[in-house]
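Only one structure is covered here, and it is reproduced in the block below.
The values are calculated or read from the model by the stated rules, or taken from the named source; none is laboratory data. None of these values were measured; they are calculated from a predicted model. Note that each Cβ is placed from the backbone with ideal geometry, even for glycine, and that neighbours are counted across all protein chains shown. Calculation scope for accessible area: heavy atoms of the full protein, side chains included, ligands and nucleic acids excluded. Shrake-Rupley method; radii C 1.70, N 1.55, O 1.52, S 1.80 Å.
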Amino acid sequence: MSAPTLDRPAAGTPDEASLQERFDATIAAEHRIEPRDWMPEGYRKTLVRQIAQHAHSEIIGMQPEGDWLLAAPSLRRKAILLAKVQDEAGHGMYLYSAAETLGADRADLTDKLIEGRQKYSSIFNYPTLTYADVGVIGWLVDGAAICNQVPLCRSSYGPYARAMIRVCKEESFHQRQGYELLMTMMGGTDEQRAMVQDAVDRWWWPSLMMFGPPDDDSPNSAQSMAWGIKRHSNDELRQRFVDMTVPQAEFLGVTLPDPDLVWDEAAGRHRFGAIDWAEFKRVISGEGPMNAVRVARRRAARDDNAWVTEAAAAHAAKHAGGHAGSAA
Ligand code: 3HC
């Protein structure tokens, strides 16, 4: 009997065409692809790209609000913010774990982030200038994240979809704490109300950019949607976010900084002004206001804390050896 080769599989081993057929049928039936299932290389690469970018965003996303941990205005606000920032770390960990099920290596992904070979969300490259920014990030940024991520709970790749369930529950708490903080500030002094309006003016357009480029300029969307990784296009989700957020802004008593924002009765949705895609491109190519700071801090965290990783790895190796020894 001859050994199986790439072009002549062993008897009983499904060939690539039938593996592809089975994969396509699983996607068409809306069932999940699991780590041990065969998958096309493009599907695996797309998932690693998206999940890694998502994980990096959660980890880098700890920084803008983390800047306010030592300056929170009360113990209550500090406890809420601390819990929120810790949640983001947890989200990053689930997502790196999901990427590992696809054969990616966590340390390698971190290196790629630091070396600018993988992206993270544009939104985290803006500064947090006042405490109102903490509330507006919760309301708008986490609100946008929920719009984008709830459909990912139905993503075709099992570990990613399952990670999203808990992430979305926690994001929902994040969004509410932000809105509650803003409601409190809007009930305060004129100066506090002005801080909230200023923060809304600065974060509104970057929040719309979070959803990615317009559909006709989104190279990955069509294939990702055909594979069931993404469930909706960038523009569909952006529209959903605008329609959801406008009444919340009215209730809060702030003005969204877009003179072209109007309700279109016939279309049953809001129309909004042009997004500055040149700014988006600058930010994702590393030239946003805070890109250099964010990446430098991530690099310092990796380098300064390398001894913790090494100690944990040594402890795990010793522990594994102990088990092997006792089993023997
Ligand atoms: N920031 C940075 N890069 C972005 C981006 C953004 N807001 N939107 C798109 N891009 C990048 C894409 O990664 C892609 O670059 P690449 O090919 O080099 O990887 C390029 O721009 C073209 O965009 P596409 O629309 O073709 O890319 P996708 O199909 O991957 O769609 C996405 C982009 C909608 C962001 C999608 O990847 C996605 O849904 N990702 C999962 C969610 C996610 O990563 N969210 C990040 C925020 S996490 C967060 O908000 C944390 C919370 O605590 C607030």
Next item on the list: Collect the residues in the range 64-78 that are in a helix (DSSP H, G or I) and under 22 Å from Ala145 (Cβ atoms), keeping them in residue-number order.
Entry: Pro64, Glu65, Gly66, Leu69, Arg77
Checklist line | Unmet requirement for Ile275, which otherwise passes all of (1) out of contact with any Gly (no Cβ under 8 Å at 6 or more places or on another chain); (2) away from the ligand (no atom under 16 Å from the Cβ); (3) modelled with pLDDT of 95 or more; (4) open to solvent by less than 80 Å² (accessible area, probe 1.4 Å) | finding: (2)
Next item on the list: State whether one or more residues within the range 48-62 are over 22 Å from Asp142 (Cα atoms) and open to solvent by less than 30 Å² (accessible area, probe 1.4 Å).
Entry: yes
Check: Is the range 110-118 home to any residue that is on the phi > 0 side of the Ramachandran plot and either at pLDDT below 95 or over 12 Å from the mean Cα position of the chain (by Cα) (or both)?
Finding: yes
Next item on the list: Please state which of the following conditions Arg202 fails to meet, knowing it meets all the rest: (1) out of contact with any Ser or Thr (no Cβ under 6 Å at 6 or more places or on another chain); (2) of a type in the set (D, E, K, R); (3) not in a helix (DSSP H, G or I).
Entry: (3)
Item checked: Failed condition for Val167, given (1) β-branched (Val, Ile, Thr); (2) farther than 18 Å from Gln248 by Cβ; (3) within 13 Å of the ligand (Cβ to nearest atom); (4) free of Cβ contacts under 8 Å to residues at least 60 places away in the same chain -> (4)
Next item on the list: Report yes if some residue within the range 30-37 is within 16 Å of the ligand (Cβ to nearest atom), touching a residue at least 40 places away in the same chain (Cβ under 8 Å) and in a loop (DSSP other than H, G, I, E, B); otherwise report no.
Entry: no
Notebook entry, point to check: Is one or more of the residues making up the range 129-136 away from the ligand (no atom under 14 Å from the Cβ), aliphatic (A, V, I, L, M) and either at pLDDT 95 or above or in a helix (DSSP H, G or I) (or both)?
Noted result: yes
Notebook entry, point to check: What do you reckon, is Lys119 within 16 Å of the ligand (Cβ to nearest atom), over 22 Å from Asp142 (Cβ atoms) and not hydroxyl-bearing (Ser, Thr, Tyr)?
Noted result: no
Checklist line | Test: Ala107 is open to solvent by 40 Å² or more (accessible area, probe 1.4 Å) and either away from the ligand (no atom under 12 Å from the Cβ) or part of a helix (DSSP H, G or I) (or both) | finding: yes
Checklist line | Filtered residues of the range 208-243 (kept if more than 9 Å from the ligand (Cβ to nearest atom), among the hydrophobic types (A, V, I, L, M, F, W, C) and open to solvent by less than 60 Å² (accessible area, probe 1.4 Å)) | finding: Leu208, Trp227, Phe241, Val242
Item checked: Verdict on Leu95 being of a type in the set (A, V, I, L, M), near the ligand (Cβ under 9 Å from one of its atoms) and part of a helix (DSSP H, G or I) -> yes
Check: Applying the selection to the range 67-92, what residues are in contact (Cβ under 8 Å) with a residue 12 or more places away in the chain, more than 12 Å from the ligand (Cβ to nearest atom) and not hydrophobic (A, V, I, L, M, F, W, C)?
Finding: Asp67, Pro73, Arg77
Item checked: Candidate set from the range 45-63 (those that are small (Gly, Ala, Ser) and in a helix (DSSP H, G or I)); member that is nearest to the ligand (Cβ to nearest atom) -> Ser57
Next item on the list: Mind listing whichever residues of the range 244-271 are open to solvent by 40 Å² or more (accessible area, probe 1.4 Å), touching a residue at least 40 places away in the same chain (Cβ under 8 Å) and either of a type in the set (D, E, K, R) or within 16 Å of the ligand (Cβ to nearest atom) (or both)?
Entry: Met244
